[in-house]
Amino acid sequence: MPELSLSPSTQHTNHNTHQFESVRSLFRQHRSLVAAVARTCDAIWIGLSLYLVILANGIAWNNEYSLAMACAVGLFLLFAQSQDVYRSWRGTYLRQAATQVIAAWLGVVCGLLFFSFIAKLTDHYPHSVMLFWLTITPAVLMIWRAGLYLLVGAIRRRGFNTRRVAIVGAREVGVKLADTLANAPWMGFGVTGFYDDRRPAGTRPLATKDYKVIGNLDAVVERARAGHVDVVYITLPMRAEQRIQDLIAKLADTTVSVYLVPDFFTYSLMHTTSWGSVGEIPTVSIHETPFYGVDGWTKRIEDIILSLGILTLIAIPMLIITLGVRLTSAGPAIFKQRRYGLHGEEITVWKFRSMSVCENGNHVQQATKNDCRITSFGAFLRRTSLDELPQFINVLQGTMSIVGPRPHAVAHNESYRKIINGYMLRHKVKPGITGWAQVNGWRGETETIDKMQQRVEHDLAYIRNWSLLLDLKIVAMTIFKGFVGKNAY
């Protein structure tokens with residue numbers, strides 16, 4: 001039998017396809033190498049920026065600067081890992097990467113300050129020089145990342161390092177996924193089409209889109225076996241368990257990457273959903289605190305550093321306030337009230353006494369406008385939030401945080417947990433002196449359920465979106481507009 005021969009045009013096309021697949025395979029094989037290179041580049045830029053700052057100021061390099069550089073590099077790699085800085089950039093926006101890098105570097109700053117304070121090394125480094133280095137380094141880290149993003153994005157727009165995507169499930173989740181990929185060609189994903197074997201119930205999300213259902217579930221398996229698909233996203237509803245299992249089993253006979261996009265929006269997720277396991281059984285978090293592992297240490301270091309600095313500044317004002325409370329009304333200067341803390345455990349919260357009574361039982365009446373229980377000096381303290389200053393001692397004790405949901409009296413907790421869904425999820429983190437709800441105007445009296453609902457929703461939004469950068473933003477907003485307000489009485 002004579003050999004089959006290809007026409008010149010077909011040979012040329014197949015040659016280009018072979019080159020294209022070779023480039024695609026090369027990128028896949030070296031993803032871990034790319035992450036290692038990124039870590040190395042970060043370490044080099046951190047050290048180089050310190051060296052250039054030292055050189056520009058005419059200072060001789062010594063072992064103390066080597067120690068600072070080594071600590072900064074080690075801390076950054078640690079915090080960067082916790083922030084997922086070195087995960088695959090495919091599917092990640094540059095602004096997300098910037099937030100992660102800045103958050104990691106803020107952890108470095110807090111760590112260096114804490115270490116230098118404990119080791120009494122603050123006088124060994126020129127403050128202006130170190131401040132300049134700590135300020136410009138995150139900018140340097142982002143500049144080289146932005147350049148790499150632009151380079152990789154340009155490569156992907158030209159068809160290199162791309163992955164062909166099939167979406168299973170002609171539903172709203174799938175359409176949203178397809179729109180996201182189509183609007184970001186730099187991610188390197190190309191949607192080949194939708195696959196479904198049933199008509200969607202209710203709305204028809206593809207009716208107004210250019211996307212088409214080009215086959216059923218068997219068709220996507222055949223295309224995967226033929227090598228026409230690289231990634232399969234399954235966006236079927238979770239109730240279609242048997243269909244999903246059957247499809248995954250069939251796709252196991254192919255080499256495509258398979259991702260399940262569950263409709264988790266039907267649940268109230270806490271923070272970033274994370275996967276874990278119990279033995280060999282995989283689990284996914286629905287309600288979980290964001291403060292575990294490195295993030296928990298980051299939060300605690302932040303609290304210690306900020307509370308120590310603030311208590312140093314407010315020590316004399318607190319003594320004056322203590323004297324003012326004692327001279328203007330009978331009773332103790334500090335009012336201690338039982339409240340719920342982390343995991344719903346009872347804690348004792350300190351405040352300057354602003355009322356003529358110290359209610360701490362099973363029934364606690366909220367302060368209202370023109371409340372006759374509030375003393376004249378107490379009214380001033382409450383308007384300016386100065387009555388909350390002793391809670392920085394609670395922060396040092398570890399029962400509270402500087403930023404977090406405001407703690408409520410135990411009696412109020414027991415009342416609201418029965419009527420507001422998800423209320424107790426506020427206690428997945430330590431209560432705070434200030435919080436996202438407070439800087440957005442939801443503070444003071446909650447005479448209606450709707451007001452408390454709004455406060456709880458803001459508290460849960462803080463927990464879901466927590467980052468070191470968000471904490472510092474809330475602290476800054478508190479300084480400029482959080483101490484006083486129309487609801488502070």
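Read the figures in this text as sums done on the coordinates, not as results from a lab. Here the structure is a predicted model, which is why all the values come from computation and not from measurement. Don't worry about glycine lacking a Cβ; one is built from the backbone with ideal geometry, like all the others, and counts go over all protein chains shown.
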Which of LYS351/LYS451; LYS336/LYS418; LYS336/LYS451; LYS418/LYS451; LYS430/LYS481; LYS430/LYS473 have a Cα-Cα distance over 20 Å? LYS351/LYS451; LYS336/LYS418; LYS336/LYS451; LYS430/LYS481
Where does each of VAL395, VAL53, VAL403, VAL261 land when they are ranked from fewest to most other beta-carbon atoms within 10 angstrom? VAL261, VAL53, VAL395, VAL403
Between HIS343 and THR192, what FRET efficiency comes out of the Förster formula 1/(1 + (r/R0)^6) with R0 = 56 Å and r the beta carbon distance, rounded to 0.05? 0.70
What spacing in nm lies between the two simple spin-label points modelled at ILE118 and ILE334, each 7 Å away from Cα in the Cβ direction? 2.5 nm
For MET130, MET142, MET238, ascending order of other Cβ atoms within 10 Å (fewest first) is MET238, MET142, MET130
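In debye, nearest 20: dipole of the range 163-263 around its Cα centre with unit charges on the Cβ of K, R (+) and D, E (-)?
Around 180 debye, computed over the range 163-263.
At 0.36 nm per residue, and after removing the present C-alpha to C-alpha distance, how many nm does the segment from THR180 to GLN242 gain when stretched out fully?
Here the segment from THR180 to GLN242 would lengthen by 19.5 nm.
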Counting only backbone N atoms under 12 Å from a point 7 Å out along Cα-to-Cβ of ILE44, the residues of the range 50-65 in range are none
Please list, in order along the range 339-346, the HN-Hα scalar couplings obtained from phi with the Karplus expression 6.51 cos²θ - 1.76 cosθ + 1.60 (θ = phi - 60°), rounded to whole Hz, x for Gly and Pro. 9, 8, x, 4, 6, x, 7, 5
Cut-off 14 Å between beta-carbons: net charge of the residues surrounding VAL221, Lys and Arg +1, Asp and Glu -1: -2
